[in-house]
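K.L.:
Sharing a structure here in structure tokens format.
The values are calculated or read from the model by the stated rules, or taken from the named source; none is laboratory data. Quick caveat: nothing in here was measured; it's all calculated off a predicted structure. FYI the Cβ positions are ideal-geometry reconstructions off the backbone, even for glycines, and counts take in every protein chain you see. Note: accessible area is taken over every heavy atom of the protein model, side chains too, but ligands, DNA and RNA are not part of it. Shrake-Rupley method; radii C 1.70, N 1.55, O 1.52, S 1.80 Å.
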Amino acid sequence: MLLTLSDVEVAYGAVTALRGVSLEVAEGEIVTLLGANGAGKTTTLRTISGLLRPKAGEVRLDGRPLSSIPAHGLVGAGVSHVPEGRRVFPSMSVRENLLMGAYHDRRHARADLERVVALFPRLAERIGQAGGTLSGGEQQMLAIGRALMSRPRLILLDEPSMGLAPMIVQTIFEVIAEINREGVAVLLVEQNAASALRIAGRGYVLETGRVVLADTAAALLADDRVRQAYLGED
Ligand code: ATP
């Protein structure tokens, strides 16, 4: 298993955010993590990328406890995190932003840059433009592109469609599917549950820090509780 969380508990001071979360992502899968605001989705991603330390339970990458990998070594271990709110470097060009993603190993940077701009033709057209002047959708493409520059085996995406126009959302989901076809596993946090379940193979539903449902995406799409709570149906 590429990623395994076993009974992970995480707290912010006195506030417990995760109350024993167990989940798995296998090589090459798209797995989605659904849940209402405050359910613990962002906390789960931040724990996997080593930004938060569990107070109980364990995160393993390739069977190795995460606690044995220094946080700065995680990228080398194949995990790339695209946080909520797409943090691009506003005064750096698109090219410079992308190259920042290859900082730990520059050997393949040129080839990887080609690959990323082939995936996002919009970025190719704006390669010399300052990151801060891109539209929201283009900044999201840049944030994902930058994460791909480190050649991850697993990419953690936190609400990539947030605040974007429907047409751009569709492009972002198509690109996620394409990245996955190239062999990268994806753990996708989304408010847009219907689109996430359409590209995912499996999903988990979090409620107040606990996994309350875990199933194939097809089964979750058909589940009455999911349809009511996350797909806006009654
Ligand atoms: P959203 O969809 O709103 O981003 P989420 O599912 O990602 O929600 P988290 O951001 O993981 O939820 O938050 C889980 C819980 O932890 C919430 O109750 C939240 O208030 C709390 N929390 C998150 N960050 C902090 C923090 N820095 N300090 C204290 N409590 C926090």
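K.L.:
At 0.36 nm per residue, minus the direct Cα-Cα distance, what do GLU96 and ALA165 gain on full extension? Give it in nm, one decimal, please.
P.N.:
Values: separation 69, 0.36 × 69 = 24.84 nm, distance 2.61 nm.
Taking 0.36 nm per residue and subtracting the Cα distance, the gain is 22.2 nm.
K.L.:
Got the relative contact order for the chain handy, in percent, Cα pairs under 8 Å and 6 or more residues apart?
P.N.:
On the way: 453 pairs, mean separation 64.6, N = 234.
Across the chain, relative contact order equals 28 percent.
K.L.:
Charges only on Cβ, +1 for Lys and Arg, -1 for Asp and Glu: so what's the dipole of the chain about the Cα centre, in debye to the nearest 20? Spell out each step's value before the answer.
P.N.:
Values: 25 positive and 26 negative charges, 153 e Å.
Here the size comes out at about 740 debye.
K.L.:
Give the ranking of TYR204, TYR230 by solvent-accessible surface, highest area first, calculated with a 1.4 Å probe. Present the calculation step by step, with values, prior to reporting the outcome.
P.N.:
Details: TYR204 15, TYR230 45 Å².
The ranking, largest first, comes out as TYR230, TYR204.
K.L.:
Give, as a single signed number, the net charge of other residues whose beta carbon lies under 15 Å from the beta carbon of ARG95, with Lys and Arg counted +1 and Asp and Glu -1. List each step's numbers first, then the result.
P.N.:
Working: positive: ARG106, ARG110, ARG115, ARG122, ARG126, ARG146; negative: GLU96, ASP112, GLU114, GLU125, GLU138.
Value of the local net charge: +1.
K.L.:
Let me ask another. If the viscosity is 0.692 mPa s and the temperature 37 °C, what translational diffusion coefficient in µm²/s does Stokes-Einstein give for segment 87-141 when Rh comes from Kirkwood over Cα pairs? Write out the running numbers ahead of the final one.
P.N.:
Working: Rh = 11.2 Å.
Estimated via Stokes-Einstein, D reaches 294 µm²/s.
K.L.:
Let me ask something else about it. Run the accessible area of the chain with a 1.4 Å probe and give the carbon-and-sulfur part as a rounded percent. Walk me through the numbers before you get to the answer.
P.N.:
On the way: 5420 of 10760 Å².
Answer for the chain: carbon and sulfur cover 50 percent of the accessible area.
K.L.:
Dipole of segment 81-234 (Lys/Arg Cβ +1, Asp/Glu Cβ -1, origin at the Cα centre): which of VAL226, MET92, PHE173 lies farthest to the positive side?
P.N.:
Going by the charge dipole, the pick is MET92.
K.L.:
Here's a follow-up. Any idea what the dipole of segment 19-107 comes to, in debye rounded to 20, about its Cα centre with Lys/Arg Cβ at +1 and Asp/Glu Cβ at -1? Mind showing how you got there, number by number?
P.N.:
Details: 12 positive and 8 negative charges, 67 e Å.
Charge dipole, segment 19-107, about its Cα centre: 320 debye, nearest 20.
K.L.:
Roughly how many nanometres apart are two label points built 7 Å out from the Cα toward the Cβ at THR16 and ARG107?
P.N.:
4.6
K.L.:
Nearest 500 deg cm²/dmol is fine: what mean residue ellipticity at 222 nm does the chain get from its DSSP H runs of n ≥ 4 alone, each adding -39,500 (n - 2.57), divided by its residue count?
P.N.:
On the way: 9 runs with 80 residues, N = 234.
Computed mean residue ellipticity for the chain: -9500 deg cm²/dmol.
K.L.:
If you don't mind, there's one more thing I want to ask. Solvent-accessible area per residue for segment 95-208 at a 1.4 Å probe radius, Å²? Walk me through the numbers before you get to the answer.
P.N.:
Values: 4870 Å² over 114 residues.
Here the residues of segment 95-208 average 43 Å² of exposed surface.
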